[in-house]
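Each remark here refers to the structure printed beneath this line.
The values are calculated or read from the model by the stated rules, or taken from the named source; none is laboratory data. These figures come from a predicted structure and were not determined experimentally. Glycine gets a Cβ as well: all are built from the backbone with ideal geometry, and neighbour counts include every protein chain shown. Side chains are part of the model used for accessible areas, which takes the heavy atoms of the whole protein and leaves out ligands, DNA and RNA. Shrake-Rupley method; radii C 1.70, N 1.55, O 1.52, S 1.80 Å.
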Amino acid sequence: MSNLDGNNESLFAYPDESGHFGQFGGKFVSETLMAALQDLESEYYRLRQDITFQEELQRDLSEYVGRASPLYFAKRLTTQAGGAKIYLKREDLNHTGAHKINNCIGQALLAKYMGKPRVIAETGAGQHGVASATVAARFGLECQVYMGSEDIKRQSLNVYRMKLLGAEVVPVHSGSKTLKDALNEAMRDWVTNVDDTHYIIGTVAGPHPYPMLVRNFQAIIGEETKRQFAEQHGGLPNAVVACVGGGSNAMGIFYPFLEDREVRLIGVEAAGYGLASGRHAAPLNEGAVGVLHGNRTYLMGDANGQIVETHSISAGLDYPGVGPEHAFLKDVRRAEYVAVDDTEALDAFRALNKLEGILPALESSHAVAYGLKLASKMDPDESIVINLSGRGDKDIPTVAKLDGISID
Amino acid sequence: MGMLSERLKSLASNNKKALVAYIVAGDPEPGVTVPLMHRLVENGVDVIELGVPFSDPEAEGPVIQLAHERALAHNVSLGNCLEMAAEFRQADQVTPIVLMGYLNPVETMGYENFAVKAASAGVNGTIIVNLPPEEAVDMSAILESNDIEPVYLLAPTTTDERARMICQASKGFVYYVSLKGTTGAGNLDINDVSEKMERFKKLSELPIMVGFGVKDGPGARAIVQVADGAVVGSAIVKLMAEHKDDLKKLSDEVGQFVSELRAAID
């Protein structure tokens, strides 16, 4: 199998042994963390072959998370678009309401098998924090969640939810007081408490082995999609569409399709107020190659290499970097990356409510918005799958406020 | 041999220990930095670590994070840091300057461009906190061909196998981060440092400087019993923060503090 650059290596061969996806990825961390990353990597490789671990993981995914999540043919949405058939992969129906739990279950089990009694996590919108607090409760682990003080103000519901789950939410007041700063602070905690603590990174970013192991825990989305699509429709979809912040739901659904070259893989970034405004979160569309949070990838930086503040209506996409494998898939042209702005995402949010009775997360609404556009230009005998990565209960206050309604 | 190696060699041959001081360029405002660098030297500092402000200083504790933020409020860039180094170098041709920072500003400037500009500004070494030697093969070659010595870090968790590789890659000196944690965190456990130093000294031909957690004269004195020098960062930066509204006092206090450190280690 050769990819578009004429490289004969299968796309499943990445990352290489040193954790690189071509020029991207790697381990750009201070020396104190190197030993912990090496331990994590070797433990992960060992447990991947461990039957007891795998059985426990599978059991929890089915009995606790509620997998498999359905693949749903969205008939009225299809009619509205007037083109290709639209299927939705219903990750919003998972326990805790998003794909995040797939990774958290896997990593909490890793922590348990590694004998680490404490987990930490970073969170932006609070979804990964809630998922981490949930699995910590499930496995009896101590849990601290780092969250930017700006995000704490915007997401009070999830903050309270994490407290109910027994986690401590630690406000981060440094830098822009958002997700990237929460990540910095979680890394600082991990450096200090590396002996008894596992850091549950929530996306396919961070230093190796995180982009690989988070991808592998999320790949169940794509594996199920492939099987369900074959059963319900036959063959392969023509395109798979997913939103990309850090990129874990997209990587999870893309990965099993990487060598099915006839399937278009389309990642949708947040264009915020529009790409031209400069106020967005679309590093794959508008960023430059740089190094942040342990890996080389596309980043939103200024001319001096400082990381800039991003904007998206959806807090889960409001991140200046992106997982290194997406950077790689962009450069080898296996995946395409587009951007959808706040207004288009909101329109899709409303459309899915009215046409299908499904309340999508604002993150996932970006994928729905692009999926609708794409389907409308395709033939009725073609099909696309949109990853509906999360549900939108958490976003109701944001959208209501835009409608001039206060529901506090 | 670079100026950094030469200076450390000559200290060793005179049986002296090195005092390395860290400040963030542009903290609390750009005009402070160059005169303060001279003041550090006048009061006994052997090597200056000049921190390059970055928006996301992952390895720093709260004290140094705030210093980065104060400098960034004045938009101090890597280019500005090099200008400060060059200005300092006009009046001082003997004190080594080591730039300490994070990779992204250097990556954005371009390795080659950075190395050439840094060399002509009189920079003698670099510590790039989030660039371990495995990821630095290209960078090291470019720096060394411009007479800049890349310094790499050892940590309490570093295995012998990695330590050997790090000591091989490092030039000038090796920097031992004496704590699990961020800059300025916790208290120094001198017995632990002493144990680790015994192990690392067998693996390194270079002098080893110890930093992270060296807060005062007695701490620095204890460190140089077992190491070739002490790096003091957060304690100086904290003093600067306390006097950021009175720049004369800031300079006096830092000068006084550094001369106490010097006296303690000699």
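Data for the structure
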| read-out | value |
| --- | --- |
| In the stretch A:20-70, residue farthest from the other protein chains (Cβ to nearest Cβ) [restricted to those that are assigned to a loop (DSSP other than H, G, I, E, B) and hydroxyl-bearing (Ser, Thr, Tyr)] | A:69 |
| Per-region count, the stretch A:166-189, residues crowded, with 20+ Cβ neighbours inside 10 Å and touching a helix residue (DSSP H, G or I) at 6+ places or on another chain (Cβ under 8 Å) | 9 |
| Selection from the stretch A:360-408 of residues that are of a type in the set (A, V, I, L, M, F, W, C), surrounded by fewer than 18 Cβ atoms within 10 Å (Cβ to Cβ) and in a loop (DSSP other than H, G, I, E, B) | A:405, A:407 |
| Residue within the stretch A:86-93 that is farther than 22 Å from residue A:219 by Cα, of a type in the set (Val, Ile, Thr) and in contact (Cβ under 8 Å) with a residue 40 or more places away in the chain present | no |
| Any hit, the stretch B:186-193, residues being farther than 29 Å from residue B:122 by Cα, within 13 Å of another protein chain (Cβ to nearest Cβ) and in contact with a strand residue (DSSP E or B) (Cβ under 7 Å, 6 or more places away or on another chain) | no |
| Qualifying residue in the stretch A:115-136 (condition: without any contact (Cβ under 8 Å) to a residue 60 or more places away in the chain and either among the hydroxyl-bearing types (Ser, Thr, Tyr) or within 14 Å of another protein chain (Cβ to nearest Cβ) (or both)) | yes |
| Lone unmet requirement of (1) closer than 30 Å to residue A:25 by Cβ; (2) touching a strand residue (DSSP E or B) at 6+ places or on another chain (Cβ under 6 Å); (3) not acidic (Asp, Glu) for residue A:70 | (1) |
| Matching residues in the stretch B:61-85 - criterion: being small (Gly, Ala, Ser), open to solvent by less than 10 Å² (accessible area, probe 1.4 Å) and within 12 Å of chain A (Cβ to nearest Cβ) | B:61, B:67, B:71 |
| Qualifying residue in the stretch A:348-359 (condition: in contact (Cβ under 8 Å) with a residue 40 or more places away in the chain, part of a loop (DSSP other than H, G, I, E, B) and over 24 Å from residue A:128 (Cβ atoms)) | no |
| Selection count, the stretch B:230-250, where residues are over 19 Å from the mean Cα position of the chain (by Cα) and not in a loop (DSSP other than H, G, I, E, B) | 5 |
| Pick from the stretch A:293-332, criterion among the small types (Gly, Ala, Ser) and open to solvent by 30 Å² or more (accessible area, probe 1.4 Å), ranking: farthest from the other protein chains (Cβ to nearest Cβ) | A:316 |
| Hits in the stretch B:154-205 (condition: β-branched (Val, Ile, Thr) and touching a Cys at 6+ places or on another chain (Cβ under 9 Å)) | B:174 |
| Residues of the stretch A:268-286 satisfying the condition of being small (Gly, Ala, Ser), in contact (Cβ under 8 Å) with a residue 24 or more places away in the chain and either in a loop (DSSP other than H, G, I, E, B) or within 10 Å of chain B (Cβ to nearest Cβ) (or both) | A:274, A:282 |
| Checking residue B:227 against (1) open to solvent by 10 Å² or more (accessible area, probe 1.4 Å); (2) more than 26 Å from residue A:17 (Cα to Cα); (3) more than 15 Å from the chain's Cα centre (by Cα), the condition it does not meet | (1) |
| Criterion: over 19 Å from residue A:222 (Cα atoms) and buried (at least 21 other Cβ atoms within 10 Å of the Cβ) - qualifying residue of A:335, A:339, A:351 | A:339 |
| Residue list for the stretch A:68-94, restricted to those being in contact with a Leu (Cβ under 7 Å, 6 or more places away or on another chain), open to solvent by 20 Å² or more (accessible area, probe 1.4 Å) and of a type in the set (Phe, Trp, Tyr) | A:72 |
| Filter pass, residue B:260 being of a type in the set (Asp, Glu), under 20 Å from the mean Cα position of the chain (by Cα) and either part of a helix (DSSP H, G or I) or under 13 Å from residue B:21 (Cβ atoms) (or both) | yes |
| Strands (runs of 3 or more DSSP E) wholly inside the stretch A:142-255 containing at least 3 residues that are over 17 Å from the mean Cα position of the chain (by Cα) | A:142-148, A:168-172 |
| Some residue of the stretch B:115-124 being of a type in the set (S, T, N, Q) and within 12 Å of chain A (Cβ to nearest Cβ) | no |
| Tally of residues being within 17 Å of the chain's Cα centre (by Cα) and within 14 Å of another protein chain (Cβ to nearest Cβ) across the stretch B:86-108 | 6 |
| Conditions (1) out of contact with any strand residue (DSSP E or B) (no Cβ under 8 Å at 6 or more places or on another chain); (2) within 14 Å of another protein chain (Cβ to nearest Cβ): number failed by residue B:212 | (1) |
| Which numbered condition residue B:205 fails, given (1) in a strand (DSSP E or B); (2) at pLDDT below 95 | (1) |
| Boolean, residue B:212 is at positive phi, open to solvent by less than 60 Å² (accessible area, probe 1.4 Å) and touching a residue at least 24 places away in the same chain (Cβ under 8 Å) | yes |
| Test: residue in the stretch B:257-266 that is at pLDDT below 95 and either hydroxyl-bearing (Ser, Thr, Tyr) or surrounded by fewer than 17 Cβ atoms within 10 Å (Cβ to Cβ) (or both) | yes |
| Residue ID - modelled with the lowest pLDDT, chosen from residues in the stretch A:95-141 that are part of a loop (DSSP other than H, G, I, E, B) and crowded, with 24+ Cβ neighbours inside 10 Å | A:125 |
